[in-house]
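Contents: one structure, followed by commentary.
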Amino acid sequence: MKLAYFQKRNRLKRYGFSVIVTTLLFSLFILLPKEYLTLINNQTISLLVLILVVTASSWYGGLGPGLLATFLTTFINYFTILKIDSSSHPETGDLFITFVYIIVGFLISLISEVRYEAEFQKDEFIAMAAHEIKNPLNTIKGYACLLQKKIKASGKNKISEYADEIDTQADRLLELINDLLDVTKIEVGKFIYKDELFDLDSLTEEIINHQRIANIGKVITLTGSTHKIIKADRYRIGQVITNLLTNAIKYSPQKSPIKIRLKSKKDGVILTVKDYGIGIPRPEQKAIFKHFYRSQRTRQRKIEGLGLGLFISSQIIKHYRGKLQVKSTETRGSTFCLEVPKNY
Ligand code: ADP
């Protein structure tokens, strides 16, 4: 489990989980048939229960919930199990066992916290490094654009091509860094969404026009329309559509067309992107939505990419309670279908 899932949970959920797990496990023991009840008197079994409850709580919610589970478990154990048969053993023994419980629970919670902290520092480092790399890269891009303009004006075509290449590669690097930054933000739960109303039809047209300019000669067609205003983050939804479209271009031959279709449904919109490219083998169709996953065919063909675009897209669509699915046949092409509710 990633740090993200822990960080995204609010305090109520984290501490609530700890209370529920503890109560459930102990209730289970108390509701057990009489012949099994003797097990409760066995300290090894109740120590195992403590380890289970504290590990689950600190794994789910970190140090605080881990400690809460420790105290709850120790408390319940002391008053429901140890105290019941205190006549058969000295009370000093009960206190010693209670002390051992607290130490064990504390250690488990601490180990879990150290793990989260290491995970957090790694994510912070990636975010900081990516941010620092972006600044000089933007400067390089700015100068490359300036160079392009000056050289084009002087008519030196060959040198102009070199300047174009610097600009393209700087764009590529920026895309990779932005993807890495987005994934890190998703991991630590800091991916921000704005709520705004926008027209999906015009956003799609804008993106297609941009890709037509960037991929001269590629046939990209658009059919249908939604005539709907949706409530979501325009930039993020645009990011998903751009990812689907650039993938369709990247993973299909230059001469084959890309077909985009817009459709409206009762409570939302549907956008499909169809290509006639390399396709995705059936067993890999689920995995491509995981981060850093790239299909075997893609890796064999050494097509550039980090395997992050679809992961980021699926996380965005999940946030809006929409759907992102793929239908694909190897060597025949793929169709990605995106569904976004009108209001999420
Ligand atoms: P990237 O393209 O950078 O590898 P993505 O997350 O966008 O990352 O895609 C993950 C993988 O899914 C790709 O590496 C590729 O194997 C597969 N894939 C995505 N879109 C298509 C497509 N239209 N046709 C074939 N394979 C695709």
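Structural remarks
- Residue order by solvent-accessible surface for ILE303, ILE317, ILE140 is ILE140, ILE303, ILE317, largest first, with ligands and nucleic acids left out and a 1.4 Å probe.
- Helix-only arithmetic for the chain: the sum of -39500 (n - 2.57) across DSSP H runs with n ≥ 4, divided by the residue total, places the mean residue ellipticity at 222 nm at -20500 deg cm²/dmol.
- Surface composition of segment 96-186: carbon plus sulfur atoms hold 69% of the accessible area, using a 1.4 angstrom probe and ignoring ligands, DNA and RNA.
- When LYS194, LYS266 are compared by accessible area of protein heavy atoms, the largest-first order is LYS266, LYS194, using a 1.4 Å probe.
- Nearest-10 value in Å² for the accessible area of HIS210, using the 1.4 Å probe: 120
- Between helix 91-154 and the chain there is an angle of about 10 degrees, using the helix long axis and the longest principal axis of the Cα atoms.
- Model label sites at GLU196 and LEU95, defined 7 Å from Cα along the beta-carbon direction, differ in position by 6.6 nm.
- Each Lys and Arg adds +1 at its Cβ and each Asp and Glu adds -1 at its Cβ; summed about the Cα centre, segment 256-344 shows a dipole of about 180 debye.
- Placing unit charges on each Cβ (+1 for Lys and Arg, -1 for Asp and Glu) gives the chain a dipole about its Cα centre, and among VAL326, THR23, VAL49 the Cα reaching farthest toward its positive end belongs to VAL326.
- Volume per residue that the Cα convex hull of the chain spans, once the total is divided by residue count, Å³: 183
- Comparing PHE198, PHE96, PHE106 in a Gaussian network model of the chain (Cα springs below 10 Å), the most mobile by mean-square fluctuation is PHE96.
- Dimensions in Å of segment 45-202 - Rg and Dmax from alpha carbons: 29.4, 101
- Overall size of segment 164-275 from C-alpha positions, given as principal axis extents largest first: 45, 40, 20 Å.
- Crossing angle, helix 200-214 versus the chain [Cα axis fit, 0-90 degrees, rounded to tens]: 60
- Net charge dipole size for segment 196-341 [Lys, Arg +1 and Asp, Glu -1 on Cβ; Debye, nearest 20]: 580
- For the pair ARG321 and ILE126, a Förster radius of 22 Å applied to the C-beta separation gives a FRET efficiency near 0.20, rounded to the nearest 0.05.
- Charge dipole of segment 196-341 about the Cα centre (unit charges at C-beta), most positive-ward option of GLY307, ILE278, VAL340: ILE278
- About its Cα centre, the chain has a charge dipole of approximately 1760 debye under the convention of +1 per Lys or Arg Cβ and -1 per Asp or Glu Cβ, with nothing else charged.
- Note that segment 232-284 shows a convex hull volume over its alpha carbon atoms of 110 Å³ per residue.
- Tilt relative to the chain, helix 11-31 - C-alpha long axis, 0 to 90 degrees, to 10: 40
- Ordered by 1.4 Å accessible area with all protein chains kept, PHE17, PHE289 run largest first as PHE17, PHE289.
- Stretching TYR162 away from VAL114 to a fully extended chain increases their span by 12.4 nm, per 0.36 nm per residue minus the current alpha-carbon distance.
- Computed from the C-alpha gyration tensor, the three semi-axes of the ellipsoid equivalent to segment 196-341 are 24, 18, 13 Å, from longest to shortest.
The values are calculated or read from the model by the stated rules, or taken from the named source; none is laboratory data. The structure presented is a predicted model; accordingly, all values stated were derived computationally and were not measured. Glycine also receives a Cβ, built like all others from the backbone with ideal geometry; neighbour counts cover every protein chain displayed. Note: areas computed on protein heavy atoms with side chains; ligands, DNA, RNA excluded. Shrake-Rupley method; radii C 1.70, N 1.55, O 1.52, S 1.80 Å.
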